[in-house]
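Let me begin by presenting the structure, written as structure tokens, before commenting on it.
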Amino acid sequence: MAAKRRLFWAKSGRGLALAFAALLISACGTPAYVDSRREAGQKAPVGPSTPDLVAICSSSSGSAATDVIKLAESECAKTDRIPELQREERWTCTMLAPRRVFYRCVPKP
């Protein structure tokens, strides 16, 4: 009986370690993206991102912060404006990209 119990914990511990490693690897490789979902065939956005207020989902890593700023700059540049940080929300996007940052596109000074 004790041998079966040890075998169970050895197998489940290995599986847990593999699942944790896979989660870490996938979280590191998740790029930032603009949350501008749309319904199929529709032009109006369903997600929180609009041309005036850009919503960007990302992970919490330091390299993601620079990607978020670059993405906000490129989205606001489409309307010849610059991004201004508005607010940040946690756990509102996906599990691998839990942070949503909002930038308002304002006219250039």
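Using per-residue counts of other Cβ atoms within 10 Å, averaged over each peptide, order 75-81, 55-61 from highest down.
Order by mean packing, descending: 55-61, 75-81.
What FRET efficiency do you get for Lys70 and Trp91 if R0 is 30 Å and r is their Cβ-Cβ distance, rounded to the nearest 0.05?
On the way: r = 23 Å, r/R0 = 0.78.
After rounding to 0.05, the efficiency reads 0.80.
For chymotrypsin sites (Phe, Trp or Tyr not before Pro), the sites in the range 43-109 that DSSP calls loop and that have at most 16 other Cβ atoms within 10 Å are Trp91.
Since every read-out is calculated from the coordinates, none of them should be taken as a lab result. All of these numbers come straight from a predicted model, not from anything done at the bench. Virtual Cβ from ideal backbone geometry, glycine too; neighbours counted across all protein chains shown.
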